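What follows is a short report on a single structure.
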Amino acid sequence: MRAACCNANGGAFPIFSEIHFNQQTCQGWSSMTPEEQRTLDLFEAVESRPDINQRQLAEELGISLGLANAFLKTVLSKGWLRARKVTTRRWLYFLTPQGTLEKSRLTLNYLQRTLKSFRELRNQSDKLLADLFTNGVHGVHLIGEEDFTDIVGLCLEHHQIRCLSKIIKP
């Protein structure tokens, strides 16, 4: 994300300050591992559709049918899901109490990492904005990804710096 700065008189401040908040630098702060995400997605799919078949599950998770089968076997062996045969080729899947606990653990870990990420980004923003204000900057143009510009935008008030414009990059 970049911030173009203006001095108190409204004139252009002769710097572009690069704020290094992007998906690459923040990767892993709030994201889940692929296995954690797949497990959580599986739990949600089974909860919303207990009669889901393996082909539908594979499609929903974006994985091959063979991998969906292996993944289901793993989750069943861990005791997180229970399967009940309805017909010769039809199964119903249920989240067990252990599965509900694992789903809660995954969700809580994700939320904790997300909050940690937010706090770190907010602290970095506060330091940068304090430096800019010390150098006479009273307005910035924010350019970058929406999540990051929003966090910087929340910090602006505390530093008596105005957001002059926001350009959101996809």
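The figures follow:
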read-out	value
Set of lysines with alpha-carbon distance to Lys78 below 29 Å, sequence-local pairs under 8 removed	Lys103
Qualifying trypsin sites (Lys or Arg not before Pro) for region 71-170 [loop in DSSP, other Cβ within 10 Å: at most 14]	Lys78, Arg89
Proximal charge balance of Thr39 [Cβ under 14 Å; K/R count +1, D/E count -1]	-2
Computed magnitude of the charge dipole of region 111-167 (debye, nearest 20; Cβ of K, R +1, Cβ of D, E -1)	140 debye
Reachable aspartates and glutamates from Lys116, criterion Cα separation under 20 angstrom, eight or more residues apart if same chain	Glu36, Asp126, Glu145, Glu146, Asp147, Asp150
Gained length - Asp41 relative to Leu76, 0.36 nm times residue gap less alpha-carbon distance	11.1 nm
Förster radius 30 Å - calculated FRET efficiency between Lys166 and Ser64, Cβ distance, rounded to 0.05	0.15
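Every number in this text was worked out from the coordinates using simple rules, so none of it is lab data. Computed from a predicted model, the values in this text were never measured in an experiment. Cβ: placed from backbone, ideal geometry, glycine included. Neighbour counts: every protein chain shown.
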